[in-house]
Amino acid sequence: MKATRTAIPDLLIIEPKVFGDDRGFFFESFNRRRFAELLGLDVDFVQDNHSRSARNVLRGLHYQIQHAQAKLVRVIQGAVLDVAVDIRRSSPTFGQHVTLELSAENKRMLWIPEGFAHGFLVLSDTAESLYKTTDYWYPEYERCLRWDDPTLAIDWKLRTTPLLSAKDTQGKKFTEAELFP
């Protein structure tokens, strides 16, 4: 397993060592000891989530203001453009974001620590994502940033209007949202 820092150093691209031959492949998608060596901290995941979405579905940008969740995100079928936005006011990268294609083919994972909003756009006909979280889902603390906020200026590489949930159409502007200290 290899970890590569992104333009926002707290966000890490995790690339597993894949063993493959004509029969298929095998890799460790998570190893607590190795993950602790890479991150320098022992992470306690408490919940696994699995989502399936159709092409052009955009989910996010989600976060929990209390009971903040760190996430380890990967795609097991299809491809997505994954986005993480630093919403920690005290961070030197506050308001900046990283975009990364995650796919079943490239097998990359993204480590997103607490204090980030997260979302993705489905690039393939369908995509299935798995992500581990360090805290449980608390709907009363869930918040959403507008995916198209001009302050964030995220290039979603859209060819048409994305498909959004009712919740995501109600996202707050970055300058009006409840953010982390």
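Any read-out appearing in this document is the output of simple, stated calculations on the displayed coordinates, not a laboratory observation. For clarity, every value in this text was computed on a predicted model and none was experimentally measured. Quick reminder, even Gly has a Cβ in these numbers, built from the backbone with ideal geometry, and neighbours come from all protein chains shown.
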Between Ala3 and Arg89, what is the label-point separation in nm under the 7 Å Cα-to-beta-carbon projection?
2.8 nm
When the chain is fully extended, how far beyond the present Cα-Cα distance does Thr169 get from Arg32, taking 0.36 nm per residue of separation?
45.7 nm
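Tally Lys/Arg at +1 and Asp/Glu at -1 over every other residue whose Cβ is under 15 Å from the Cβ of Gln170; what's the total?
Spelling it out: positives minus negatives among the neighbours equals 0.
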Taking the beta-carbon count within 10 Å as an exposure proxy, list Val75, Val98 from fewest neighbours to most.
Val98, Val75
Helix-only mean residue ellipticity at 222 nm, the chain, DSSP H runs n ≥ 4 weighted -39,500 (n - 2.57), per residue, nearest 500. What is it?
-1500 deg cm²/dmol
Among the listed pairs Lys107/Lys173; Lys71/Lys107; Lys17/Lys132; Lys71/Lys172; Lys71/Lys173, those beyond 26 Å (Cα-Cα):
Lys107/Lys173
Cα-based Debye curve of the chain sampled at q = 0.08, 0.14, 0.18 Å⁻¹ gives log₁₀ I(q)/I(0) of -0.24, -0.75, -1.27
